[in-house]
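Working notes, structure below.
What follows is calculated from the coordinates using simple rules that are stated; it is not laboratory data. Computed from a predicted structure; not experimentally measured. We place every Cβ from the backbone using ideal geometry, glycine too, and count neighbours over all the protein chains shown.
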Amino acid sequence: MSSPLDHIHPHEHGHTHGLVDASIKRSRAGVRAVLLSFLVLGLTALAQVAIFLATSSVALLADLVHNFGDALTAVPLGTAFFLRSFRGEKLAGLAVVLAIFISACVALYETIQRFLHPEDLTHLWVLAAAGLIGFAGNELAAQVRLRAGRRLSSPALIADGNHARTDGFTSLAVLLGAGGVALGLPWADPVVGLLITVAILGVLRSAVKQVGARLMDAVDPIIVDQATTAISSVEGVRQIRELRIRWIGHTLRAEVDVTADPTLSITQAHDLAHHAEDHLLTDVRRLTAATVHVSPAGVHHG
């Protein structure tokens, strides 16, 4: 026995109006965030270079090299935002991962050299100040990148923000090296350099996971849960048979198959699909289009 719902075609709405303007605004916001963080980290690294030349601290060298690498990731990121290229932004994420890896290699090499060829450190108070400068600069850059990255849903920018935040804490480790040397422990400086290297590798692991997920167009499980909750809250929906969410550029699209009372009229089923779409588009951030198919409960498609 057929049901009126068997004749219902998928119902689709989308928020397409203004997407071009939104893309332009996103591009400008991304470029501003990248340029500001680049300026902050560039000045931070330059200040640390001057102090390194006076102190020869390998811990400080590891930190400033990392800060320079972090600042230079602004180039591919800024280019991707300027061109409004989603593919370019993905590649920029890979550039961020590569920069973190190179930083870890340089820091490890210099630390090993210091273990093999110890040097006396001087100007310890200035060295301690360099650690504080590094922390302040990185935390400011992290705030700029993370806020913009979350607002713009940019994994590359978020990864770079977390990268900068971790760099801030590794900069504080330079203080430990200076303190250890001041207490008569010359090995403290290379040990801190080694700890910084380990911290950089931790950031690398996190960045690979996050950037790799976006390269595969993976959708955060939290978003799927939000969509499920939004649909389940619609009166008349009995079951969610299928829910698919995928990235289209910087926005999300959903395809849903729900079951309902088989005695609903075509008009009632249409209204139900419309309500489900409204809930999805309202409750799921960055979702701009949804297709809802309503099937009669108890009927299985072959």
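Placing a pseudo-label 7 Å from each Cα along the Cα-to-Cβ vector at Arg205 and Arg150 gives an inter-label distance of 2.4 nm. Give the calculated FRET efficiency between Leu36 and Thr282 to the nearest 0.05, with a Förster radius of 45 Å applied to their Cβ-Cβ distance. That pair, Leu36 with Thr282, gives E of 0.90. The protection proxy used here, the mean number of other Cβ atoms lying within 10 Å of each residue, ranks peptides 95-104, 162-171, 255-264, 232-241 as follows, highest first: 162-171, 95-104, 255-264, 232-241. Taking 7 Å steps out from each Cα toward its Cβ at Thr228 and Leu43 produces label points 4.8 nm apart. Summarising the label geometry, the points placed 7 Å from Cα in the beta-carbon direction at Ala29 and Leu243 lie 2.5 nm from one another.
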